[in-house]
Structures are given as structure tokens and as C-alpha cells.
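The structure appears right after this line, and notes come after that.
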Amino acid sequence: MGVKLFERSSRGMAPTEAGRYLYQRACHLLQMAADVEEEMQAFGEGQRGVVRIGTVSMGIPRVAQMMQRLRQQRPELSFSLYQGDTRHLEELLDKQRIDLALVHLPLTINEADIAITPLAHASFRALCHPDSPLAQHATLSLKQLQAWPLTLLRRKSGFGVYEQVLQSFAKQGLQPQVFADASDVPMMRYLAQQNMAIALLPMLPKEQVWEGVVAIPVPELDAVADDLVMLYRTQQETRSALRAVVDYLKHTASLLPEIANNSG
């Protein structure tokens, strides 16, 4: 390739900057080749469509419902599933490791061929142990919550719910007791089940509440609750398998009118 890939010394060989870059690119290409091989194998086995889907925790029930319904309508379809936070899933979509993602707003991805479809608007709930004094309330205010240890959802990088919740407290001159932040919803749920902290989470309407916790509305935080949106590449939309998934999720979207209007 006309470039030096290694430096020799008395201690052995070490890669140059070009060598390290080549290694990273080669790993990426080998992974892409492995993905293609897996997909072609699926075609050969009669599974004529593989859809790679990434989702945040909030989207898991919706993805599962979609898979169950499409299995009846399109038994030849198969799925490859990924779970993570919004930033991670955006990166996977950008690198074409997944075909579609269910993520939260706000987004960092900004590409012309990425379609963004709002699916649902969440509202905030405070998850607490049934023995907590807060469990007896029909709703909770930020003033009530500031006296209790809280666990908040935080992205691994970038601006999100964590920062917006803190801003909501600050606007009222309140100082919350943040016991822990987490990018993992099951961890937050566990802390609430153990009566260690109150977990503040955006949840979709009619979303199932986990055993061992009580979910109480926090109306003052609904304005900063996450929207759940679907991302996919328009250039791949003609694929029959992906089209079936996109059409189903659009059809079953529980979308507030004002969100639809703002999305354009």
C-alpha cells in the first residue's frame, strides 16, 4: 500500500499510526462481511428477509408486539435485535449495522437519507416501593420528590432526560437528591424495588408496571418526557422485509396530534 505499517525496535514491532488505522478499518470490513454471510445464509435457508432492529428500553414491548404480529403475516421474516441507548443506536444505524432504530428525542444524527417518524409520547412516572410513603399519592410534585433519594436515566453521552429533569427542578428553585444515575432501566427498577431510591422514568401510556414497584404520575415532568421515534434509511425502504416492519410500526403508532404537527 506504499505506507509503513510497523516500526521495528529492539523490543519488537509496534504498529504505526497508519497500521493502527488499517487494523481498525479491516476489523470493520470483516464484521460487515460476517454480517452479509449471516444474511445470505438466512436467504439460503428460506428466510427471505432479515431485519436488524435496535431499540431503547421503552421500545421493547412495541418491537415484540410487531414481531409477534408479522410472524403470523410473514413467516419468512427473521430479526436481529439490539438494545442500547439512543446515541449507541444512532451510531449503529450510521454504520449500517442495523436497518431500523426506535430511539428517544433529541437526536444527534442529521443525514438526508434518514427518515424520522414519531411513534408515541411518554409521560413521567415515579417508581417507588409499595411500602414507601409516596406510594399512597395519586400524583407527585417535584417539591415532594426533592426530599427523597432519586435515580435518574442518563445517556452515556449527550443531552437527554437527566439534564432536562435537573433543569425542571432548578426552575422551581429545588435541589433534588440524586442518589444515582443509570443508562440501564433494569438497574433503576431494581433500586426502586429494593426501596433504595425513587426512579424517575418516562413511560408510554398503558405500559406495564413491573412487579414490586408502584408507578405514580409526575405531571410537572411530562413536558420533558421522551418522544419515541423510529429511524430508518430511506434508501433501504424498498426492501420488502423492512417495509413490512416500517408499515406496521407506523400503523400502530399512538401519536399525540401536536407531536405529529411538529414533526412535519
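The values are calculated or read from the model by the stated rules, or taken from the named source; none is laboratory data. In this text the structure is predicted, and so the values were computed from the model without any measurement. With ideal geometry, Cβ positions are generated from the backbone for all residues, glycine too; neighbour counts draw on all protein chains shown. Ligands, DNA and RNA are stripped out before the accessible areas are found, and what is left, the full protein with its side chains, is counted by its heavy atoms. Shrake-Rupley method; radii C 1.70, N 1.55, O 1.52, S 1.80 Å.
Being loosely packed, with under 14 Cβ neighbours inside 10 Å, over 18 Å from SER141 (Cα atoms) and in contact with a helix residue (DSSP H, G or I) (Cβ under 8 Å, 6 or more places away or on another chain) is a property that GLN208 has.
Residues in the stretch 229-248 that are among the basic types (Lys, Arg) and not in a helix (DSSP H, G or I): ARG233, ARG239. Exactly one residue out of ILE198, ILE114 is β-branched (Val, Ile, Thr), within 30 Å of TYR232 (Cα to Cα) and buried (at least 17 other Cβ atoms within 10 Å of the Cβ): that is ILE114.
Only one of the listed residues (LEU107, LEU140) is more than 14 Å from the chain's Cα centre (by Cα), hydrophobic (A, V, I, L, M, F, W, C), surrounded by 14 or more Cβ atoms within 10 Å (Cβ to Cβ) and in a loop (DSSP other than H, G, I, E, B). That residue is LEU140.
Just one of the numbered conditions (1) loosely packed, with under 12 Cβ neighbours inside 10 Å; (2) modelled with pLDDT under 90 is not true of ARG25: (2).
Considering (1) open to solvent by 60 Å² or more (accessible area, probe 1.4 Å); (2) at pLDDT below 85; (3) closer than 23 Å to LEU191 by Cβ, the lone condition that HIS88 does not fulfil carries the number (2). When the stretch 143-169 is filtered for residues that are surrounded by fewer than 21 Cβ atoms within 10 Å (Cβ to Cβ), in contact (Cβ under 8 Å) with a residue 40 or more places away in the chain and either touching a Leu at 6+ places or on another chain (Cβ under 7 Å) or of a type in the set (Phe, Trp, Tyr) (or both), the ones remaining, listed by number, are TRP148, PHE159, SER168. Restricting to the stretch 117-128, name every residue that is surrounded by fewer than 19 Cβ atoms within 10 Å (Cβ to Cβ) and either touching a Phe, Trp or Tyr at 6+ places or on another chain (Cβ under 9 Å) or outside any strand (DSSP E or B) (or both). The answer is THR117, and nothing else. Selection of the stretch 220-233 for residues being open to solvent by less than 60 Å² (accessible area, probe 1.4 Å) and of a type outside the set (Asp, Glu) yields LEU221, VAL224, ALA225, LEU228, VAL229, MET230, LEU231, TYR232, ARG233.
The set of residues in the stretch 41-55 being of a type outside the set (D, E, K, R), more than 14 Å from GLN236 (Cβ to Cβ) and either open to solvent by 30 Å² or more (accessible area, probe 1.4 Å) or modelled with pLDDT under 90 (or both) consists of GLN41, ALA42, PHE43, GLY44, GLY46, GLN47.
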